[in-house]
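Trainee: Quick one: the structure is below, questions incoming.
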Amino acid sequence: MTERVAPHGSGTAPPGSEHRAAREKRGVRESASAAIKATHPRNWELWTLRPRVLVFLAVWEPLTLALVIWGIAISEPATATDWLRFASLAACATAHIQLTRRQEERRRSRLARVFIDLTGIWIFPAALLLPMGITVLLMVLVGAQRWFNWRRPPHRFLFTSFTTAAAAAVAHWLFRALDPTALTALSDQNSAVEFGYLAIAGFVYAAIQALAVAAVLALSSYTRPTMRTMFGSMTDNLLDVGTIGVGAINAVLLVYLPPAIVVLVLVSVLGNRLAEISQLQDDARTDAKTGLLNMRGWSESAARAFDRTRRSDGHLALLMIDLDHFKWINDTYGHPAGDEVILTVGRLLQKIVRPADVVGRFGGEEFVVLLLDTHSPAAHRAAERVRSAIAELEIRTTGRRGAATTITNRTTSIGVAVYPDHGSTLDGLLHAADAAVYEAKETGRNQVRFAVTPPRSEGGDHAKDRVNGASSPPADRIAE
C-alpha cells in the first residue's frame, strides 16, 4: 500500500501536515524497529512450535543434510550435457514460477495445511538425470525465487528445502541403481521396465516428502490427526501424482528431445490454474475450519439426498447439533481453544456417521447431520450417541497464556426432525429441528429433543433443490 505525501518544496504545507509528517516518520521508525526485533533469534516463530516438533526437526534436518552430502559424494562428475540440461530446467522453472506467482500466492493464502508445490515438475527430472550437486544448485535457484515471492518463516523454508533435497538424493541413487544408463538406452523392448523404474523413483521421491510433512502436522496437532489432515485430500494426492508424472515425462524429453520441454512450461501453468480452480470449488462448498461441508455445500448434497428419499417414499432424519455454553469456552480459554473444540467435534461427527450421511457446519457452534433411511427410533439412538460422544471428548489445547489445558465434559443440545413425520420439505425439517434445539436449550440443555409433529396442512411446502443419492444401512449402526 502506498501513501500520498506532499513533495519537498511544494509551497506552504496545509494545517497539521507537520504533525502528520512527524507521526508518519515515527510510524516508519516503529515498523522498522518491529521488523528488526522480529529477526532476533529469540523472537523467531520457530520457538512457538511444540517441543516435540522441535525435537523432530533437530533430528530430521541433520539427517536430511547428511543424505544430501552423501548424494553429492557418490554422484558422478558433471559433463557439458549435464550443464546444458541444468540451464534448460532452470530457465523453464524460472518461467513457470514467474508466470504463476499470483496464482501460487492465492493458493498458499487459502491453504492451512498440505500444499503441493508444482515445481517438482523441474526438480524431479533433475534428481533422475543430473549429478546431485547440480540438482541442489537448481533447488537453490528455485527456492530463492520462492523465498522472495512469499517470504515464508525461515524454519519452514529450511524444512521444506532439506526434505526435498533428501528425497531427490534418495531418488537419484535408487534410479541410477535400477538404470545405470539414465534412460539413454530406452527402446520399445525395455520401455515397460523403464516406466517401472521411473514409477518406483517417483514414489520414493514423493513418499519421503509426504511422510516428513505428515509427521510435522501430526506432532503439531493438539487433537488426534486424521489421514486427511496429515496427507491431504484425494485432490491433493492426485495433484502430487500428476506433478511426478509430468516430471518423469520431462526427464524423457530432456534425453531425447530437449527443446520440447518448453511445452511443459505451458502444461505447468495450466496445472497451477486447474489446481486453483479445484481449490476454489472446494472452498465454495467446505468449511475452512473443519473441512466439513458449509451451509451451501450441505444444502446442495442434502437436497439431492432428500429428493431421492421422497421419490422412493423412504424416511430420513435431520439432527441439528448445538454445543452448549460455547461462548464460555472462548471467554475462558481464548478463541484458538474454541477453534480446537469446533475442529474436534467436526472430526468426531465424520467418524461416527455413515459415509452416505451428510454432515455439515452451519457456522458458529452449530452442526447438522442428515441421516438417510432412518426412522424415529434409530434417529433418537443416533442423536444420543452423538451427545454422549461429545461429552466424552478430551480436547487438549492451550489457554490464553499458552499453558497446556484439557477441555472436557462438554454438553450438547440436539434437535431431531424426521421425514415425513415433522416436515415434507428439507426447509421444513431444518425449521423443525431448529425449533427442537431451542426447546432443548430452554429446558436445561444437554439433551435430545424431537420436533413437534405439524398439522397436515404443512405439506404445502416445496423443496428448493433437487437431488439424487444412494441407499444406506439404518442409522442405528452409527458408532457401533
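The values are calculated or read from the model by the stated rules, or taken from the named source; none is laboratory data. All values reported here derive from a predicted model rather than from experimental measurement. Cβ: placed from backbone, ideal geometry, glycine included. Neighbour counts: every protein chain shown.
Trainee: Which residues, counting only those in the range 286-306, are among the small types (Gly, Ala, Ser) and either outside any helix (DSSP H, G or I) or modelled with pLDDT under 80 (or both)? Walk me through it before giving the result.
Mentor: Within the range 286-306, the subset among the small types (Gly, Ala, Ser) is 288, 291, 297, 299, 301-303, 305.
Correct list: ALA288, GLY291.
Trainee: With the condition kept exactly as written, say whether any residue in the range 408-427 is surrounded by 14 or more Cβ atoms within 10 Å (Cβ to Cβ) and under 30 Å from PRO51 (Cα atoms). Don't jump to the end; show me each part of the working.
Mentor: Start the filter on the range 408-427 by keeping residues that are surrounded by 14 or more Cβ atoms within 10 Å (Cβ to Cβ), which leaves 410-427.
Among the residues that remain, those that are also under 30 Å from PRO51 (Cα atoms) are: 410.
The answer is yes; a qualifying residue exists.
Trainee: Same structure, new question: Got a sec? Which of ALA169, ALA165, ALA144 is assigned to a helix (DSSP H, G or I) and either surrounded by fewer than 17 Cβ atoms within 10 Å (Cβ to Cβ) or of a type in the set (Asp, Glu) (or both)? Break it down into steps so the answer makes sense when it comes.
Mentor: Working: ALA169 fails: either surrounded by fewer than 17 Cβ atoms within 10 Å (Cβ to Cβ) or of a type in the set (Asp, Glu) (or both); ALA165 fails: either surrounded by fewer than 17 Cβ atoms within 10 Å (Cβ to Cβ) or of a type in the set (Asp, Glu) (or both).
Result of the check over ALA169, ALA165, ALA144: ALA144.
Trainee: Please pick out the residue among ARG401, ARG445, ARG396, ARG410 that is under 28 Å from the mean Cα position of the chain (by Cα) and farther than 23 Å from LYS351 by Cα.
Mentor: Details: ARG445 fails: under 28 Å from the mean Cα position of the chain (by Cα); ARG396 fails: farther than 23 Å from LYS351 by Cα; ARG410 fails: farther than 23 Å from LYS351 by Cα.
Unique residue meeting the criteria: ARG401.
Trainee: A further question follows. Given the condition farther than 21 Å from VAL437 by Cα, in a strand (DSSP E or B) and touching a helix residue (DSSP H, G or I) at 6+ places or on another chain (Cβ under 9 Å), answer yes or no: does some residue in the range 376-396 qualify?
Mentor: yes
Trainee: Within the range 417-430, is there a residue that is closer than 27 Å to THR344 by Cα and of a type in the set (Gly, Ala, Ser)?
Mentor: Looking for residues that are closer than 27 Å to THR344 by Cα and of a type in the set (Gly, Ala, Ser), one finds at least one in the range 417-430, hence yes.
Trainee: Out of all the residues in the range 220-231, is one or more closer than 26 Å to LEU128 by Cα and modelled with pLDDT under 90?
Mentor: Kept after step one, since they are closer than 26 Å to LEU128 by Cα, are these residues of the range 220-231: 231.
Subset that is modelled with pLDDT under 90: 231.
Looking for residues that are closer than 26 Å to LEU128 by Cα and modelled with pLDDT under 90, one finds at least one in the range 220-231, hence yes.
Trainee: For the range 76-103, give me each residue that is within 24 Å of the chain's Cα centre (by Cα) and aliphatic (A, V, I, L, M).
Mentor: Passing the criteria: ILE97, LEU99.
Trainee: In this structure, does GLY423 turn out to be outside any strand (DSSP E or B), farther than 27 Å from ARG296 by Cβ and not basic (Lys, Arg)? Explain how you work it out, then say what you get.
Mentor: Details: outside any strand (DSSP E or B): yes; farther than 27 Å from ARG296 by Cβ: no; not basic (Lys, Arg): yes.
So GLY423 does not fit the description; no.
Trainee: Scan (1) in a helix (DSSP H, G or I); (2) at pLDDT below 90; (3) within 19 Å of MET132 (Cβ to Cβ) for the single condition ALA66 breaks and write down its number.
Mentor: Status for ALA66: all satisfied but (2).
Trainee: Enumerate the pairs (first residue in the range 362-383 and assigned by TED's automatic domain parsing to the domain that holds LEU426 and within 15 Å of LEU429 (Cα to Cα); second residue anywhere and part of a helix (DSSP H, G or I) and of a type in the set (Ser, Thr, Tyr)) with beta-carbon separation below 7 Å, excluding pairs fewer than 6 apart on the same chain, so at least 6 apart or on different chains.
Mentor: LEU372/THR309
Trainee: Taking the range 128-139 as the search range and keeping residues that are hydrophobic (A, V, I, L, M, F, W, C) and either under 26 Å from the mean Cα position of the chain (by Cα) or not in a helix (DSSP H, G or I) (or both), which one is surrounded by the most Cβ atoms within 10 Å (Cβ to Cβ)? It would help to see each step written out before you state the result.
Mentor: Looking only at the range 128-139, we keep the residues that are hydrophobic (A, V, I, L, M, F, W, C), and these are 128-130, 132, 134, 136-139.
From the residues that got through so far, the ones that are either under 26 Å from the mean Cα position of the chain (by Cα) or not in a helix (DSSP H, G or I) (or both) too are 130, 139.
Values: LEU130: 28, MET139: 21.
Among them, the one singled out is LEU130.
Trainee: Filter the range 331-356 down to the residues that are under 21 Å from the mean Cα position of the chain (by Cα) and over 19 Å from ASP287 (Cα atoms) and list them by number.
Mentor: none
Trainee: So, one more: Suppose we filter TRP298, TRP328 for residues that are hydrophobic (A, V, I, L, M, F, W, C) and surrounded by fewer than 20 Cβ atoms within 10 Å (Cβ to Cβ); which single one remains? Spell out the reasoning first.
Mentor: Values: TRP298 fails: surrounded by fewer than 20 Cβ atoms within 10 Å (Cβ to Cβ).
Result: TRP328 is the single residue among TRP298, TRP328 that is hydrophobic (A, V, I, L, M, F, W, C) and surrounded by fewer than 20 Cβ atoms within 10 Å (Cβ to Cβ).
Trainee: Within the bounds of the range 331-354, is there any residue that is in contact with a helix residue (DSSP H, G or I) (Cβ under 8 Å, 6 or more places away or on another chain), at pLDDT 90 or above and in a loop (DSSP other than H, G, I, E, B)?
Mentor: no
Conditions (1) in a helix (DSSP H, G or I); (2) at pLDDT below 90; (3) out of contact with any strand residue (DSSP E or B) (no Cβ under 6 Å at 6 or more places or on another chain), marked per residue:
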| position | (1), (2), (3) |
| --- | --- |
| VAL262 | yes, no, yes |
| LEU266 | yes, yes, yes |
| ALA284 | yes, yes, yes |
| ARG308 | yes, no, yes |
| GLY314 | no, no, yes |
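Trainee: Continuing with the same structure: Suppose the filter is at pLDDT 50 or above, within 37 Å of the chain's Cα centre (by Cα) and surrounded by 10 or more Cβ atoms within 10 Å (Cβ to Cβ); does ARG42 pass it?
Mentor: Values: at pLDDT 50 or above: yes; within 37 Å of the chain's Cα centre (by Cα): yes; surrounded by 10 or more Cβ atoms within 10 Å (Cβ to Cβ): no.
Spelling it out, it is not the case that ARG42 is at pLDDT 50 or above, within 37 Å of the chain's Cα centre (by Cα) and surrounded by 10 or more Cβ atoms within 10 Å (Cβ to Cβ).
Trainee: May I pose another question? Pick out the one residue from ARG228, ARG156 that is surrounded by fewer than 18 Cβ atoms within 10 Å (Cβ to Cβ), in contact (Cβ under 8 Å) with a residue 40 or more places away in the chain and charged (D, E, K, R). Explain how you work it out, then say what you get.
Mentor: Numbers: ARG156 fails: in contact (Cβ under 8 Å) with a residue 40 or more places away in the chain.
That would be ARG228, the only listed residue that is surrounded by fewer than 18 Cβ atoms within 10 Å (Cβ to Cβ), in contact (Cβ under 8 Å) with a residue 40 or more places away in the chain and charged (D, E, K, R).
Trainee: Here is a follow-up. Evaluate the following for VAL359: is it under 23 Å from the mean Cα position of the chain (by Cα), under 27 Å from ARG285 (Cα atoms) and not in a strand (DSSP E or B)?
Mentor: Working: under 23 Å from the mean Cα position of the chain (by Cα): yes; under 27 Å from ARG285 (Cα atoms): yes; not in a strand (DSSP E or B): no.
When the stated conditions are applied, VAL359 does not pass them.
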